[in-house]
Amino acid sequence: MIDAKDLIKPGAVVLGVATAAVLGFAAGFVVARDPAFLRRLARAAAGGVERVTAAIAESKEELADLWAEVREDARENLDERAFAHAHRQDAAASATTAANEPAVAPAEAGRGRRQPRAKTTTH
């Protein structure tokens, strides 16, 4: 395991402070020689950030459009599959019902029906 004492050694701390001091001195020297340089640098950085932000927004929009299209295609595909499956089940049920019904002879066809009773009237 890494010991916390190994991460912060006295030499590393001194090197970090020295590096920060050198960078600060260099930045101060450049700004003192050309005060407009800092403005140009800030303007360029802001422009870069805006371009990156716009590119990210466009990418998000394109990704959202693509996602919506893919979801719609998936829904249509599922609807088509469900419809085809239901149609196959209906056809299979109809075929099973037709195969299980006994063939009725024409003479026997009328036997199973009830005849309505004649109305009797009493005067």
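Any read-out appearing in this document is the output of simple, stated calculations on the displayed coordinates, not a laboratory observation. Not measured: the values here are computed from a predicted model. For neighbour counting, all protein chains shown are included, and Cβ atoms are generated from backbone atoms with ideal geometry for every residue, glycine included.
Less than 20 Å from a label point 7 Å out along the Cα-to-Cβ axis of Glu69: which backbone N atoms in the stretch 29-61 qualify, by residue?
Zone members listed by number: 55-61.
Using the Cα centre of the stretch 11-92 as the reference point, and only Cβ charges (+1 on K/R, -1 on D/E), how large is the resulting charge dipole? Debye, rounded to the nearest 20.
Dipole magnitude for the stretch 11-92 comes out near 920 debye.
Would you mind calculating the gained length between Lys9 and Ser94 on full extension (0.36 nm times residue separation, minus the Cα-Cα distance), in nm to one decimal?
Stretched out fully, the Lys9 to Ser94 stretch lengthens by 22.2 nm.
Return Phe83, Phe37 ranked ascending by Cβ neighbour count within 10 Å, so the fewest neighbours appear first.
With the fewest neighbours first, Phe83, Phe37 line up as Phe83, Phe37.
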